[in-house]
1. Based on other C-beta atoms within 10 Å, arrange Thr265, Thr70 from fewest to most.
2. Starting from the 7 Å offset along Cα-to-Cβ, what nm value, one decimal, do you get for the label separation of Ala301 and Gln264?
3. 7 Å from Cα along Cα→Cβ at both Ala322 and Leu61: what's the point-to-point distance in nm?
4. Please find the FRET efficiency linking Arg133 to Gln41, where r is the Cβ-Cβ separation and R0 is fixed at 45 Å, and quote it to the nearest 0.05.
5. With the crude spin-label approximation of a point 7 Å out along Cα→Cβ, what separation in nm comes out for Met140 versus Asp163?
Amino acid sequence: MLPGSIGLLQQYLQGQTPLIDAGTLPAPTEAPLLTLGERLQAIVRNELPGGRFLVQIKDQLLDLNLPRNTEPGTTVELEVVSASPTLRFALLQGDATPRPATTLSSAARVLAELLRPGEGKPAGVDPVPLMARGAAPDAMQLAARLTQVVNDSGIFYESHQADWARGERPLQALMREPQNNLPEAREPVSRDAGAAGGTGDGRLNDAKAVLGQLVQRQLDTLDQNGIIWQGQAWQGQPLRWTLNVEAADEHAAATDDAQLKRWQTRLDLDLPRLGSVSVVAELQGGRFNIRFIAPSDETRAALQGGQPALAARFAAAGLALAATPAIVDGPDE
């Protein structure tokens, strides 16, 4: 995993350095609820040893590595560029020493242009449901569908190109990925192609927006060491699916043996009868751990009542549960 590295890259490309890391205060304190991209005003309360500063953000005190010429009592503007595992900000305005002018390479300028926020549809929303409404779930079909979702997402396009060059992937599979299905940028020959830009400019902008979303998804995958898919479980039922894999130790990290790695998948749904429900499943060493997250008392009671049926389904499938599934009412990170 590359903690905060993508936020660092984006801030560098967009010229919004320096970056500010939050340290740990001696006294226990609850971190404020922050979201990526959020901009906020912070008040410098005091100077701490080691050139760090005690800063108030949303009624909470944080230990930040602000520039050394910062004076207590000043207000600085920060933007959240990483919330986990390290809280990190970009210093947008304050008493920071101006950084020298930086000249970016042509590749960096292209990447910065692609990552520039713009209008367009959210990336990664698949319009095709995983299964038909009312149909009984078929594990083999769902596995095949999710495999296709990952393969055709465009996240691993460059790796798939290398597979194709070695003869290990058919060209038809490569052509299904979004990089090969961008909006046409060529403008049709027309006397009425106006001074306002014409359809060619619009298509070019659409293509740039799609490429920017794809690059962002690739960077997010590197940063989070996992995949995020958003779509529909069945028609009209939104679903957010994440898949992560982590090595338990250095030996596991150096091998391809899946048994030595910890796999985690998470489903986030808002169901018609149960309401908001998240399911987190972890697989390691052939054994599963399951957690349900639901804010509603009624939903948690319903989930508790379904525990025997769930255990029976796992047993029938030949799968082992490491422990009784946990049911909690708060966010699970």
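None of the figures in this text is laboratory data; all of them are computed from the coordinates on show. In this text the structure is predicted, and so the values were computed from the model without any measurement. Ideal geometry is used to build each Cβ from the backbone, glycine not excepted, and the neighbour counts take in all protein chains shown.
1. Thr265, Thr70
2. 3.1 nm
3. The modelled label-to-label distance comes out at 3.8 nm.
4. 0.40
5. Those two pseudo-labels are separated by 2.2 nm.
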